[in-house]
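The values are calculated or read from the model by the stated rules, or taken from the named source; none is laboratory data. Fair warning: this is a prediction, and the values are worked out from it, not measured in the lab. Here the Cβ is made from the backbone with ideal geometry for all residues, glycine too, and neighbour counts use every protein chain on show.
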Amino acid sequence: MVRIKMVRREFLLDTLNGIIGIWTLVVGIGLGFIGLRYLWPTGKTIASTGEEKVRIPFSEITEGNAKKIVLRGKAAIVVNSGGKIYALSAICTHLSCIVNWSEGQKRVVCPCHGAVFDLNGNVIAGPAPKPLITYDVKLIEDAVIIG
Ligand code: FES
């Protein structure tokens, strides 16, 4: 009788250990997969949201303002300043932070390390090694086409 209880106890403990082991393995694989996806966001994932050309109604980009868009899978910034529309990459050429339009400075500025660009993408100040990429801007009736 004692031997049967011992076997049953061992069986239950082994079963419980097996369930805990499988559960730990499944959770570990899941967390590992999530961690890898976070650490390696691929360009392919980003590109799936991009467009070859982007149409922006004038009403969305009034004088002195800017609008950020996704163009060909990458962040871009469209600025309306001095009666002209400019379209530039919004990815800083230093360490890839997303730049902002500063109406006060009339410049594109990077919030990370202070790079400053003019509306043609040229580096004015800061650590950025190269100018921002610029995109074609076409004006149509009530909108601009970027790209
Ligand atoms: S990432 Fe823009 S200045 Fe460093």
Scan the range 72-118 residue by residue and report those that are under 20 Å from Lys130 (Cα atoms), of a type in the set (A, V, I, L, M, F, W, C) and away from the ligand (no atom under 12 Å from the Cβ). Ala75, Ala76, Ile77, Val78, Val79, Ala87, Leu88, Trp101
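Rundown of residues vs (1) assigned to a loop (DSSP other than H, G, I, E, B); (2) in contact with a Ser or Thr (Cβ under 8 Å, 6 or more places away or on another chain); (3) surrounded by 14 or more Cβ atoms within 10 Å (Cβ to Cβ); (4) at positive phi, yes/no style:
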| site | (1), (2), (3), (4) |
| --- | --- |
| Gly64 | yes, yes, no, yes |
| Ile69 | no, no, yes, no |
| Asn80 | no, yes, yes, no |
| Ala87 | no, yes, yes, no |
| Ser96 | yes, no, no, yes |
| Gly104 | yes, no, no, no |
| Pro131 | yes, yes, yes, no |
Evaluate the following for Pro41: is it modelled with pLDDT of 90 or more, away from the ligand (no atom under 14 Å from the Cβ) and exposed (fewer than 11 other Cβ atoms within 10 Å of the Cβ)? no
What about Gly50, is it modelled with pLDDT under 95 and not in a loop (DSSP other than H, G, I, E, B)? no
Regarding Ile140, is this residue under 16 Å from Glu60 (Cβ atoms), assigned by TED's automatic domain parsing to the domain that holds Ile56 and either touching a residue at least 24 places away in the same chain (Cβ under 8 Å) or of a type in the set (A, V, I, L, M) (or both)? yes
Filter the range 108-129 for residues that are within 20 Å of Leu71 (Cα to Cα) and in contact (Cβ under 8 Å) with a residue 12 or more places away in the chain and give the result. Val108, Cys110, Phe117, Leu119, Asn120, Gly121
